[in-house]
Amino acid sequence: MRPGASKPIDMITVPGRIYPDAIAREELVSFMGRFQAAKRSAYQALRRGKEAGEIVKALHEKFFPNARWCQWAVEDAKSTIESQQELVKMYVSDLKAKIEKSEEKLERTRDRLHRQGIHARLNKLRAKLVYWQGFLERDEVPPAVFGGKKNLLLLQEGKLSKEEWRELRSNSFYSVGQANMKGLEGQHGNANTEIVYHDLTGNFHLNVYIPPEPENKTGRRRKKEEWVTVPLEIPARYRNLLLQHLLKGEAYTVRVVRKDGRLECLISFPLGDTAPVDKDSVMAGIDLNPEVAAVTVVSPDGNFKASRCFWCPELVHVSHEKREWLAGNLAKEIAAWLKDMCVKQVALEELSFAQDHDTNRYFNRITHNFCKKLLFNRIVVALRKRGVAVFTVSARFTSLIGYFKYAETCGLSAHQAAALVIARRALGYAEKVPQDIMKLLSPKEGWRHFRLWGKLFGLFKAARKRAAREGYLIRRWQPEDWLVFMFAKTG
């Protein structure tokens with residue numbers, strides 16, 4: 001079996017900041033409240049099963065007489081629903097893994113008090129599983145708290161004022177771009193939130209169309225006085241990237257967010273990474289883990305060339321803001337090293353929400369899905385900004401194959417060996433089972449190598465559970481030790 005390589009989503013988000021005067025700021029903040037109210041209304045209508053076209057008509061009459069803003073409020077609500085659905089799937093998968101781990105601990109625990117604690121945890125986990133699984137079975141979307149559940153609890157406790165709560169629920173608007181649409185000054189790419197660059201001053205500014213209130217509508221044509229123009233500041237490292245995109249006249253999406261008194265402008269557009277895998281060039285594979293990102297470079301013939309581990313143990317322990325900063329710096333460091341190695345294409349594993357949880361809060365924190373997703377996105381953006389093609393491959397058995405086939409042979413850690421398998425898989429190489437392992441597995445006629453790796457994976461998973469149950473010190477075990485342990489009873 002030869003798993004193919006595919007392209008991850010190639011969207012990039014350029015961070016910016018706008019600086020409106022007092023009058024413009026008041027108009028933008030007021031419009032944010034209208035847009036968020038329309039989004040909440042669209043969200044509830046979508047949950048009730050109404051069609052998008054019907055919702056747009058209702059928003060047009062109630063909130064703003066502009067079809068595009070209505071459509072984008074519906075699109076923003078749809079994205080919230082999609083994220084809610086993905087979260088439900090992740091919660092169900094994680095809870096099942098936690099219940100399995102807890103049941104395993106219960107089997108090998110003899111202390112009465114400890115068993116009571118595990119039973120209490122199991123009851124709590126099963127109740128949560130019933131709750132979240134109910135949404136999947138009924139094909140429903142769970143309710144969302146716009147403004148944040150924690151903030152709602154603070155409001156109920158009297159620790160957050162109603163004014164602060166309203167600000168949290170009305171703090172952004174969202175505009176989807178279209179290449180065939182242009183704004184106030186004729187710049188193609190977005191009809192209602194237009195970004196313009198001035199050659200003489202070298203500055204950007206943002207034009208935002210704010211439609212009148214429904215009762216004050218005077219026709220479909222947009223008037224010049226209904227536009228708000230504000231200076232837009234773009235960080236130096238993103239200026240050329242944004243300018244090149246504007247010169248092409250292609251679509252871009254704008255989201256303006258009010259945060260801590262600032263008005264941030266997030267501009268998203270695709271980079272257009274369509275290059276296919278070049279099987280005549282070197283390929284790098286990246287294996288992402290909670291505390292380390294392992295990068296391995298292979299030559300076009302699939303042989304090992306170079307490898308390095310990028311450690312960042314504090315990434316999983318710090319606050320959200322610092323985690324994003326650390327992930328960005330780690331991505332830059334990886335991209336710089338690959339540039340020095342003259343690597344023009346990189347492969348990563350496809351993101352998967354399935355993982356083995358434990359009943360330990362510390363372990364669950366460091367293996368949480370969002371940390372891996374954050375690092376994945378930062379690395380993809382950092383590489384594509386530097387002209388490196390990025391691909392994703394199936395994550396199935398990469399760690400197992402790397403550990404049993406390449407780790408000891410190439411003198412690599414398990415993570416570096418997994419990265420080697422990822423790079424080879426992107427180049428189209430199928431991994432054959434070594435002959436010594438093949439003899440132990442005793443394959444039936446017609447069994448393929450990928451299926452044999454699956455059989456070894458099942459045996460290895462069972463062996464790890466048995467070794468933990470019997471109290472073996474497995475930290476320093478080598479692949480040969482595991483093979484002896486797995487196949488000792490079968491001769």
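When Ser399, Ser442 are checked against the criterion of being under 25 Å from Phe310 (Cβ atoms), out of contact with any Ser or Thr (no Cβ under 6 Å at 6 or more places or on another chain) and small (Gly, Ala, Ser), Ser399 stands alone in meeting it.
Taking helices (runs of 4 or more DSSP H) as the structural unit, those lying wholly within the range 386-491 and holding at least 2 residues that are under 30 Å from Gly272 (Cβ atoms) correspond to 414-426. Tell me, yes or no, whether the range 422-441 has at least one residue that is farther than 22 Å from Gly302 by Cβ and in contact (Cβ under 8 Å) with a residue 24 or more places away in the chain. Yes, that holds for at least one residue. Checking each residue in the range 8-53 for being closer than 30 Å to Leu232 by Cβ and among the charged types (D, E, K, R) picks out Asp10, Arg17, Asp21, Arg25, Glu26, Glu27, Arg34, Lys39, Arg40. Tell me yes or no: at least one residue of the range 449-472 is touching a helix residue (DSSP H, G or I) at 6+ places or on another chain (Cβ under 8 Å) and acidic (Asp, Glu). No, that holds for no residue.
The residue that is surrounded by the fewest Cβ atoms within 10 Å (Cβ to Cβ), counting only those in the range 409-450 that are farther than 20 Å from Gly285 by Cβ and among the small types (Gly, Ala, Ser), is Gly446.
Looking across Gln133, Gln84, one residue alone is touching a Pro at 6+ places or on another chain (Cβ under 8 Å), farther than 30 Å from Ala467 by Cβ, touching a residue at least 12 places away in the same chain (Cβ under 8 Å) and surrounded by 11 or more Cβ atoms within 10 Å (Cβ to Cβ). It is Gln84.
Any read-out appearing in this document is the output of simple, stated calculations on the displayed coordinates, not a laboratory observation. A quick note: this is a predicted structure, and the numbers were derived from the prediction, not measured. Methodologically, a virtual Cβ is constructed for each residue, glycine included, from the backbone with ideal geometry; neighbour enumeration extends over all protein chains shown.
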